[in-house]
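Below: the structure, in structure tokens.
The values are calculated or read from the model by the stated rules, or taken from the named source; none is laboratory data. The model shown is predicted, which means the values in this text are computed figures rather than measured ones. Note: ideal-geometry Cβ built from the backbone for every residue, glycine included; neighbour counts use all protein chains shown. Please note that ligands, DNA and RNA were not included when accessible areas were found on the heavy atoms of the full protein model with its side chains. Shrake-Rupley method; radii C 1.70, N 1.55, O 1.52, S 1.80 Å.
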Amino acid sequence: MNLRFRPGAGAARLFLALGVIAALTGCRARSLLLRAPPGPDAHEYARRLGRGVNLGNALEAPNEGEWSVTIRSEYFALIRQAGFDSVRIPIRWSAHADAAPPYAIAEPFLQRVDEVVAAALAEGLAVVINIHHYEEIMKDPSSHLPRFVALWRQIAARYRNQPDTLSFELLNEPTDQLTAARWNDFLAQGIRAIRETNPYRVLIVGTAEWGGLRALPALELPEDDRHLVVTFHYYEPFAFTHQGAEWVNNSDPWLGTTWEGSPVQQQAVAADLDRAAEWAAVRNRPLYMGEFGAYRKADMESRVRWTAFVARAAEARWISWAYWEFCSGFGAYDADGDSWRQPLLDALNPR
Ligand code: BGC
């Protein structure tokens, strides 16, 4: 368990109540234990993810390096030493796999991913790998379903013998034609393909509609698969976090938007995360905020305030997180100057 996580009063009361019930019903608890599913516990795994960072703009660029980030193996030591528990590694497999069956992934690319995953695991970090920027599946889901499933069959087989600290996240930010209803079907098929070789590995599954909280109520998971962690991305208020973002239409008028941490602003974040935590508690699913961050065009003071507030608010609700991202436009680390942006790092991992 990550002891730095501090449940809020509500959560503390809930855990106390659960403890009392468990003590009073020892026999029943024992029989429940006997029936606990084999393999890693998804709640424990989510806690193990703790505080993380995304290695963004590297392996999910069309080719690594084209978005100015090439992962250096020493990054993982830096990340570990800075106090992080995990990394999320976004990967654009679709740019390195055949377009026709059997949709083979190019061996040199697989070897590059092997190398990066090994370097991260060697530092004792928990590692999430995903399918990222599979843009074609968003536009034409049904044509790409067989390829999506085939990609997961290959990735899962490749990493079947890796430690439990490696998890697979099915797809980054389903959107467009990959609606919430379709996504429920696709994720079930993806999970089935992975389970052929990895019956108990923890899998991470996100929401439709760009991975946001709005689509959480529509998410349906295979009820009997208890090795799942639910992920969502948090960029609210969007006009603050994405001001001036080149990839977001009409985001220039948002430039200058600040985040002061006023009671109203704090309450908005708290209410969002409360809704997520309630959804998860009812379904007994752990949560992971796999992306959150504010782009470099916002003022640094606001970014620091927002980042610290969102991170602590997540932790208070037992939600692990990964900051978006390590060393690019949202970067907590300045790769040119070889140094952390200390105020951002302190916001993420207070000393
Ligand atoms: C996308 C990135 C983007 C970030 C914030 C990620 O999921 O892959 O390209 O910078 O979200 O918008």
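Let's see how each residue does on (1) hydroxyl-bearing (Ser, Thr, Tyr); (2) within 16 Å of the ligand (Cβ to nearest atom):
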position	(1), (2)
Ala119	no, no
Glu123	no, no
His132	no, yes
Glu135	no, yes
Met138	no, yes
Ser143	yes, no
Leu151	no, no
Ala156	no, no
Asn161	no, no
Of the numbered conditions (1) open to solvent by 80 Å² or more (accessible area, probe 1.4 Å); (2) under 28 Å from Val127 (Cα atoms); (3) in a loop (DSSP other than H, G, I, E, B), Arg275 satisfies every one except a single condition; which is it?
(3)
Give me the pairs, please: first residue somewhere in region 96-109 and touching a residue at least 12 places away in the same chain (Cβ under 8 Å) and more than 18 Å from His133 (Cβ to Cβ), second residue anywhere and assigned to a helix (DSSP H, G or I) and open to solvent by 30 Å² or more (accessible area, probe 1.4 Å), beta-carbon distance under 9 Å, and either six or more positions apart or on two chains.
Pro101/Pro146; Pro102/Arg153; Pro102/Gln154; Ala104/Gln154
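I'd like the residue in region 69-97 that is more than 16 Å from the ligand (Cβ to nearest atom) and in contact with an Asp or Glu (Cβ under 6 Å, 6 or more places away or on another chain) and, out of all such residues, is farthest from Gly206 (Cα to Cα). Working first, answer last.
From region 69-97, those more than 16 Å from the ligand (Cβ to nearest atom) are 70, 72-86, 96-97; that's our starting set.
Narrowing the set further to residues that are in contact with an Asp or Glu (Cβ under 6 Å, 6 or more places away or on another chain) leaves 70, 76-77, 80.
On the way: Thr70: 26, Phe76: 25, Ala77: 28, Arg80: 25 Å.
Among those that are more than 16 Å from the ligand (Cβ to nearest atom) and in contact with an Asp or Glu (Cβ under 6 Å, 6 or more places away or on another chain), it is Ala77.
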Filter result for Leu125 (touching a strand residue (DSSP E or B) at 6+ places or on another chain (Cβ under 9 Å) and not β-branched (Val, Ile, Thr)):
yes
For Asp85, which of the numbered conditions (1) out of contact with any Phe, Trp or Tyr (no Cβ under 9 Å at 6 or more places or on another chain); (2) open to solvent by less than 10 Å² (accessible area, probe 1.4 Å) fails to hold?
(2)
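What are the residues in region 228-271 that are of a type in the set (S, T, N, Q) and farther than 30 Å from Arg195 by Cβ, if any? Give the steps one after another, and end with the answer.
Of all residues in region 228-271, those of a type in the set (S, T, N, Q) come to 231, 241, 243, 249-251, 257-258, 262, 265-267.
Thr241, Gln243, Asn249, Asn250, Ser251, Thr257, Thr258, Ser262, Gln265, Gln266, Gln267 - these are the residues of region 228-271 that are of a type in the set (S, T, N, Q) and farther than 30 Å from Arg195 by Cβ.
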Working only within region 308-351, note down all residues that are open to solvent by less than 10 Å² (accessible area, probe 1.4 Å), within 16 Å of the ligand (Cβ to nearest atom), within 24 Å of Gly244 (Cα to Cα) and within 18 Å of the chain's Cα centre (by Cα).
Val310, Ala322, Tyr323, Glu325, Phe326, Phe330, Gly331, Ala332
Here are the criteria: (1) open to solvent by less than 70 Å² (accessible area, probe 1.4 Å); (2) within 16 Å of the ligand (Cβ to nearest atom). Tell me which single one Glu66 does not satisfy.
(1)
Take the conditions assigned to a loop (DSSP other than H, G, I, E, B), among the hydrophobic types (A, V, I, L, M, F, W, C), more than 14 Å from the ligand (Cβ to nearest atom) and surrounded by fewer than 20 Cβ atoms within 10 Å (Cβ to Cβ) and apply them to Ala100. Does it pass?
yes
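What helices (runs of 4 or more DSSP H) completely inside region 152-253 contain at least 2 residues that are of a type in the set (A, V, I, L, M) and open to solvent by 20 Å² or more (accessible area, probe 1.4 Å)?
Numbers: elements: 180-195, 208-211, 238-241.
By residue number, 180-195.
Take the residues in region 254-270 that are open to solvent by 30 Å² or more (accessible area, probe 1.4 Å) and not polar (S, T, N, Q); name whichever of them is farthest from the ligand (Cβ to nearest atom).
Of region 254-270, the ones open to solvent by 30 Å² or more (accessible area, probe 1.4 Å) are 254-258, 260, 262-268.
Remaining after also requiring not polar (S, T, N, Q): 254-256, 260, 263-264, 268.
On the way: Trp254: 13, Leu255: 16, Gly256: 19, Glu260: 22, Pro263: 27, Val264: 24, Ala268: 19 Å.
Within region 254-270, the match that is farthest from the ligand (Cβ to nearest atom) is Pro263.
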Quick one: would you say Glu107 is open to solvent by 10 Å² or more (accessible area, probe 1.4 Å) and within 16 Å of the ligand (Cβ to nearest atom)?
no
Residues of region 195-219 being more than 18 Å from the chain's Cα centre (by Cα) and within 26 Å of Ala156 (Cα to Cα), in sequence order, are Arg195, Glu196, Thr197, Asn198, Pro199, Tyr200
Just the residues that are free of Cβ contacts under 8 Å to residues at least 40 places away in the same chain and assigned to a helix (DSSP H, G or I), please, taken from region 254-272.
Trp254, Pro263, Val264, Gln265, Gln267, Ala268, Ala271
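Could you tell me whether any residue of region 35-45 is at pLDDT 95 or above and within 16 Å of the ligand (Cβ to nearest atom)? Walk me through how you get there before you give the answer.
Here is the first cut: in region 35-45, the ones at pLDDT 95 or above are 41-45.
Keeping just the survivors that are within 16 Å of the ligand (Cβ to nearest atom) gives none.
For region 35-45, residues at pLDDT 95 or above and within 16 Å of the ligand (Cβ to nearest atom): absent.
Just to be sure I understand, how many residues within region 33-57 are of a type in the set (A, V, I, L, M, F, W, C), closer than 19 Å to Ser339 by Cβ and either part of a loop (DSSP other than H, G, I, E, B) or open to solvent by 10 Å² or more (accessible area, probe 1.4 Å) (or both)? First the steps, then the outcome.
Initial filter on region 33-57 (of a type in the set (A, V, I, L, M, F, W, C)): 33-34, 36, 42, 46, 49, 53, 55.
Cutting the leftovers down to closer than 19 Å to Ser339 by Cβ gives us 53, 55.
Remaining after also requiring either part of a loop (DSSP other than H, G, I, E, B) or open to solvent by 10 Å² or more (accessible area, probe 1.4 Å) (or both): 55.
So the answer is 1.
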Flagged in region 278-307 as open to solvent by less than 10 Å² (accessible area, probe 1.4 Å), over 20 Å from the mean Cα position of the chain (by Cα) and within 16 Å of the ligand (Cβ to nearest atom), in numbering order, are Ala298
If we keep only residues of region 178-225 that are touching a Ser or Thr at 6+ places or on another chain (Cβ under 9 Å) and among the basic types (Lys, Arg), then the residue nearest to the ligand (Cβ to nearest atom) is Arg214
